Amino acid sequence: MQINRVSGKTPLRKMKEYDLISLRSFVAVVESGSFYNASVLLDTSSAAISRRVSALEAALGVKLMNRTTRQLDLTPSGQQFYQDVLGILGALEQAEERLNCAQETYSGIIRLGAPLSFGTQKLAPLLPSFLKQYPQITVTLQLEDRVSDLLNEGIDLSLRIGELQDSSLVSLPIAMMPRLYCASPAYLKLRGKPESPDELKQHDCLHYSLLSTRDEWEFASGGQELDLRVPLVANNGDVLREAAIQGMGIAMLPCYIVEDALRSGALVPVLERYAPPPLPLSIMRPSRQFTPVRITLLMDYLREALATVAGN
């Protein structure tokens, strides 16, 4: 086989002796904040990560980071090298994606995060269709109601409901999620149906712990402070829905969590005139210059698919 010579020269002889895995290990330590976190991301041991970074420093003849028992700090040289290595790794990943595009195949792992209730009810039914269309892509789904740290946890995409705080992430809006107050017919028969927010003082209110009580209830009263009785606090909407169905009190929840209960009559809306404002549903990804094609494919698929089902 004859290999055509490519014009231009690459200074291979001037390059130091280190490998790609050492560069990836260095980046993982910087982005995760510790050798242990980097070892989890790369599925190896902390000792192996430490050896790779030390070997990289020895090959370069430069100290890249200052290590203490409590934290890691990049040196000025380490900060510059980190930025340069990000460009190198991005270029390599882009080259691989070009090969995939040329072969009309898409492969690799996508780490996807989503809220628990939304993930099980709305997202889970949509993923099989995407995976059948791209059988060489693997989606690792992480469902939890806390706000994940995309960069440190190695998450490629995350679905988030609510106002976004982290400006370092790239946000793609999808839809608005309507919410409502609701309770069971049995509870309302026993305690009466509130006709105004002020009457909530005479009721039991179920609290979603990831929202402040002010955000959850006081806007219904025009910002007036309410002294509420709260028998149950939970960080998951399914738990609050079941408590409301069993007559524990009034809950404020996204419509998608209670749609079946509303349809069956297990729950009924209350305070319709004071409905809480809808929350935005967005796809988040780390702010990086290059996004692999497989991730763009899933983003586009979810944006289209969820836009039609999110508010239903």
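The values are calculated or read from the model by the stated rules, or taken from the named source; none is laboratory data. Keep in mind that this is a model prediction, so the values were computed, not measured. Virtual Cβ from ideal backbone geometry, glycine too; neighbours counted across all protein chains shown. When the accessible area is computed, the model is the full protein with side chains, heavy atoms only, and any ligands, DNA or RNA have been set aside. Shrake-Rupley method; radii C 1.70, N 1.55, O 1.52, S 1.80 Å.
From the set of residues in the stretch 109-124 that are open to solvent by less than 10 Å² (accessible area, probe 1.4 Å) and hydrophobic (A, V, I, L, M, F, W, C), which is farthest from Asp300 (Cα to Cα)? Ranking the qualifying residues of the stretch 109-124, first place goes to Phe118. Name the single residue, out of those in the stretch 260-283 being crowded, with 18+ Cβ neighbours inside 10 Å and under 17 Å from Lys122 (Cα atoms), that is farthest from the chain's Cα centre (by Cα). The extreme case among them is Ala261. Looking across the stretch 198-243, the residues that are under 28 Å from the mean Cα position of the chain (by Cα), at pLDDT 85 or above and open to solvent by less than 30 Å² (accessible area, probe 1.4 Å) come down to Leu206, His207, Ala234, Asn236, Gly237, Leu240, Ala243. Contact annotation: residue pairs with Cβ atoms under 8 Å, 6 or more positions apart or on different chains, pairing a residue in the stretch 112-126 that is more than 17 Å from Gly162 (Cα to Cα) with a partner that is in a loop (DSSP other than H, G, I, E, B), are Leu112/Ile155; Leu112/Asp156. Do we find a residue being at pLDDT below 90, assigned to a helix (DSSP H, G or I) and surrounded by 15 or more Cβ atoms within 10 Å (Cβ to Cβ) anywhere in the stretch 189-197? Yes, the stretch 189-197 contains a residue that is at pLDDT below 90, assigned to a helix (DSSP H, G or I) and surrounded by 15 or more Cβ atoms within 10 Å (Cβ to Cβ). Scanning the stretch 237-252 for residues that are under 14 Å from Asp145 (Cβ atoms) and among the small types (Gly, Ala, Ser) returns a single hit, Gly237. Of the set (1) modelled with pLDDT under 90; (2) surrounded by 18 or more Cβ atoms within 10 Å (Cβ to Cβ); (3) of a type in the set (A, V, I, L, M, F, W, C), all apply to Ile257 but (1). If I go through the stretch 46-80 residue by residue, how many of them are among the polar types (S, T, N, Q), open to solvent by 60 Å² or more (accessible area, probe 1.4 Å) and farther than 26 Å from Pro286 by Cα? Residues that pass the stated criteria total 2. Only residues that are out of contact with any strand residue (DSSP E or B) (no Cβ under 6 Å at 6 or more places or on another chain), modelled with pLDDT of 95 or more and either assigned to a loop (DSSP other than H, G, I, E, B) or of a type in the set (A, V, I, L, M, F, W, C) (or both) were counted in the stretch 170-188, giving 3.
Of all residues in the stretch 127-136, those satisfying the criterion of being in a loop (DSSP other than H, G, I, E, B) and in contact (Cβ under 8 Å) with a residue 12 or more places away in the chain are Tyr134, Gln136. For Leu306, the test of being over 20 Å from Met176 (Cβ atoms) and either touching a strand residue (DSSP E or B) at 6+ places or on another chain (Cβ under 7 Å) or at pLDDT 85 or above (or both) is failed.
Within the option set Gly119, Gly113, being modelled with pLDDT of 75 or more and part of a helix (DSSP H, G or I) holds for one residue only, Gly119.
Evaluated against (1) at negative phi; (2) open to solvent by 80 Å² or more (accessible area, probe 1.4 Å), Asp43 falls short on exactly one condition, (1).
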